[in-house]
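Heads up, the thing below is written out as structure tokens.
Where a number appears in this text, it was derived from the coordinates with a stated rule and is not lab data. Predicted model, so just to flag it, every value in this text is computed and none were measured. Using ideal geometry, Cβ is built from the backbone for each residue, glycine included, and neighbour counts are taken over all protein chains shown.
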Amino acid sequence: MAHAISAQTEVTVGVMHGKDYGVTYMLPQTELEIVVNATRHVYTPGEFCRYADRYLRLSDVAAEASEYWTLDNIQPNLRGVPDNSKTYFVKLKDKTTAPLMELTEDGIVRSINMPFSGERPPKKVTTPENDRTQSVDPRRFLTEEILLAGSTAKMAELVAKEIYNIRESKNALLRGEADNMPQDGAQLKLMLDNLNMQERAMTEMFAGTTTEEPQTFTIRFTPQEMQDEVAFRFSSRLGVVDKEDLAGEPFYLSITNLQTIPQPSEEEKKSKKEPEGVAYNVPGRARITLTHNNETLFDEELPVTQFGSIEYLAPVLFNKNTITKVQFDTTTGELLKIEREEKN
């Protein structure tokens, strides 16, 4: 929830001392997220897997359960997190116009003297259960003859014959040669759907089933200069594993400070007078690269607050004769917009 403070103020930098009353805010620092989307595939062999080639001519059907992972995509993102080392205080005082400050839930400054944005974190999109293929128990479709068969081999043979009968029934319907033809297209579709469901369920008794479970992994970094550091590892057997786990193949991360913002020397920092005003970030730029097996998966320039500097909006902007509206980027702390209006 955002917070708003309105009163007569003088804008100063620092922390709360004594009986001073005001609002404390923070600037964000950049956090890099590497979002990895992968899918876990679990194969369960069918009851008649050993007879798949003999009766249905299905070759290479495994008789043992197995599991493997596939890597779907990788997306680096930036997010702003509160920087406790950049905490500032707006002190309330007479004879000046107080800024109406909006903060994020984490205390990061979002705007000054602007209407409440009402921003909320985006809702996660979930896939409804009914969008997934539902498993069907094939024994629902087995005849008494099949169930009373004296051996597994005989059952497999009879189930295979039933599959061929279903295929013949589908072909007869499609050719218009069935004994009981449907009255319209809707009824035809219903009959074909039922036959397809039965065929799929019985075929899985030979071919087995593979279930897919999508998963998302998020690896977070506080950006600093690095060259070919292992960000994470991926194993087709285990999925995303720790960067120290040699069971997975490495994905390398490089971050280069492009030096777009000049940095003051240590002497300048010491001699510089304590500034006044509302602080905001001027983010630097970094080249962020992700590679795997000498292939570049991601290579882009992105803003990074740690490679930038801090500037200040002068207190004079918030005098009693004007209304100054300011908007900040809550991811980087950058100044996005500033407007100044004379009071009537």
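Pick out, in residue order, every one of the trypsin sites (Lys or Arg not before Pro) in segment 280-327 that is DSSP loop and has at most 14 other C-beta atoms within 10 Å; say none if there are none.
The qualifying sites are LYS320.
Subtract the Cα-Cα distance of ILE338 and LEU192 from 0.36 nm times their separation in residues, and report this length gain in nm to one decimal.
Between ILE338 and LEU192, full extension yields 46.1 nm more.
Separation between the ARG79 and ASN321 pseudo-spin-labels, each 7 Å from Cα along Cα→Cβ, expressed in nm?
Using points 7 Å along Cα→Cβ, the separation is 4.6 nm.
Between segment 45-65 and segment 304-320, what's the alpha-carbon centroid distance in Å?
With segment 45-65 and segment 304-320 each reduced to a Cα centre, they are spaced 70 Å.
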